[in-house]
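Notes follow once the structure below has been shown.
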Amino acid sequence: MKEILKNSFVIVVLIIFLCLPITSGILNLKASVYILENDNPFSFENLKNKNEKLGRLMKLRFEHFINILKGRFSKKNCEIIFESIIQILMKLAHMSAVSAAIVKDDECIWTDGFGLYDRENNKKANEETIYLVASISKSFTATAIMQLYEKGLFDLDDDVNSYLHFSLRNPNYPDDPITFRMLLAHHSSIARENEGLTNFFTRIIPGGMNLSGYPSPFLNDFLVPGGVYYKPQVWLDIPPGQEMHYANIGFAILGYLVEILSGKSFENYCQENIFKPLNMNNTSFKFSFVNKSRTAVPYDFKSGKYTPIIHYDLIDSPVGGLRTSVLDLSHFLIAIMNGGVYKDTRILNETTIDLMHTIQYPDKGYNFQYGLGFQIWETSTGISIGHSGGLFGVSTKMVFRKSDNIGIIFFTTRQISNKIEGIMFSLIELFLFWKASGFKEKLNIENIRQTTNSNTLLLNDF
């Protein structure tokens, strides 16, 4: 057992080492790829490794890494290795807790939790631990608006001014309409916000606090010239529909449109039409509505210590304020993987799901494309669909692969703040897919690079 755990640590260190852009005097990327793609990777005369000591260390230990890549460990040992690697990655990324789930076709086949979601009270994470999931919320906001679309209440290419209680126009292009489709696909010409203190902290409140004035008149005051909170930088100098800019406030407008079109509060609409039908009983956009004793504490990590962050709500909750568990969210993931159906309950038509999972405006400005409320990642191994999220004290991801209809969900109590932590987060994703494949899937530098690249939005997203 000790040898397996020791090897797991070596595996993680070697993977991290291979991911880093070290090209001068140690081992370049070309050599790294050679190691991963050859059965006899230790012909170091071919690699021309200048660091002989490092070469000897890698030669001694890399066999265990290759065994994992080629599936030579028993399933029992793979389970031990998997759990120890997750715990090592958590420690390296300073994640106090991780909860995760795996979905295959129309079934959640595995859930688990690691670490402590409440360090002060020594509470261990599991599949029912509730987390703030940040931008995964956008997929629910899109689902709500698309349910109303299916009822014939609007067309995707309608001008939203026909429904809003204020005029939404880019002052630089006052004659160009902004449509539902543009808002859902981040093509409204609203600028991506600066998530620094000067802007973001005007839009969060302590968890459970009631606040008046949102969504109206806040959105009017924030987006319309002359408003109390208006700044001209909120609008880009490009016409609507031309470029993708990941503007969170666009989904706040969509949440407001849900309220206008349905005649219900955003929370009540989602409870009645998404959460309850999907048996998501521990899910809400409001902290006061979830089980507080089972809600993960968000943490910061500084000077070698975990510092708890108070539970908070977002004023514009349709953007990133959802709280749920991986078990609850697996019901939603099953529905979106299976044409809108969870068990015998349909929340959207299959044609609508297909539309939401279709790129609306091809774009080269990001490491992903966007459908209607869903990120779409195109890699050498195929297409993946879902959403990631990051906020103070949390990083999250929900994603499924179209090629084999396998999906994963994982939440953490730590915001990704640098590239190394981004690599740790991406490796957790890859090892979850490794487990989902029955420990048969192979790792290589390219899919590690592509997965890490796909998660770069987490460095400044919510």
Next item on the list: For region 264-370, please list each of the helices (runs of 4 or more DSSP H) lying entirely inside it that holds at least 1 residues being out of contact with any strand residue (DSSP E or B) (no Cβ under 9 Å at 6 or more places or on another chain) and farther than 21 Å from residue 209 by Cβ.
Entry: 266-270, 350-356
Margin query: Here is a list: 130, 109, 102, 86. Which entry is touching a Cys at 6+ places or on another chain (Cβ under 8 Å) and either farther than 30 Å from residue 181 by Cα or of a type in the set (Gly, Ala, Ser) (or both)?
Written below: 102
Item checked: Residues that are part of a helix (DSSP H, G or I) and of a type outside the set (S, T, N, Q), drawn from region 138-161 -> 138, 140, 142, 144, 145, 146, 148, 149, 150, 160
Item checked: Checklist (1) crowded, with 22+ Cβ neighbours inside 10 Å; (2) under 30 Å from residue 449 (Cα atoms); (3) not acidic (Asp, Glu) applied to residue 383, failing item -> (1)
Notebook entry, point to check: Does any residue of region 357-371 turn out to be of a type in the set (D, E, K, R), out of contact with any helix residue (DSSP H, G or I) (no Cβ under 9 Å at 6 or more places or on another chain), more than 21 Å from residue 306 (Cβ to Cβ) and touching a residue at least 24 places away in the same chain (Cβ under 8 Å)?
Noted result: yes
Check: Applying the selection to region 264-288, what residues are among the hydroxyl-bearing types (Ser, Thr, Tyr) and over 16 Å from residue 139 (Cα atoms)?
Finding: 265, 288
Item checked: Top-ranked residue of region 206-237 - restricted to ones that are free of Cβ contacts under 8 Å to residues at least 60 places away in the same chain and of a type in the set (Ser, Thr, Tyr), ranked as nearest to residue 308 (Cα to Cα) -> 212
Checklist line | residue 129 vs. criteria at pLDDT 95 or above, farther than 29 Å from residue 192 by Cα and buried (at least 17 other Cβ atoms within 10 Å of the Cβ) | finding: yes
Next item on the list: Output yes when any residue across region 431-440 is surrounded by fewer than 21 Cβ atoms within 10 Å (Cβ to Cβ), out of contact with any strand residue (DSSP E or B) (no Cβ under 7 Å at 6 or more places or on another chain), in the same structural domain as residue 111 (by TED's automatic domain parsing) and among the hydrophobic types (A, V, I, L, M, F, W, C), and no when none is.
Entry: no
Margin query: Can you find, within region 411-462, the residue that is nearest to residue 308 (Cα to Cα) among those that are outside any helix (DSSP H, G or I) and hydroxyl-bearing (Ser, Thr, Tyr)?
Written below: 413
Next item on the list: Check whether at least one residue in region 90-104 is of a type in the set (Gly, Ala, Ser), over 28 Å from residue 324 (Cβ atoms) and part of a helix (DSSP H, G or I), and report yes or no.
Entry: no
Check: For residue 135, are the conditions met, namely being in a loop (DSSP other than H, G, I, E, B) and of a type in the set (S, T, N, Q)?
Finding: no
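The values are calculated or read from the model by the stated rules, or taken from the named source; none is laboratory data. Since we're looking at a predicted model, the values are computed, not measured. We place every Cβ from the backbone using ideal geometry, glycine too, and count neighbours over all the protein chains shown.
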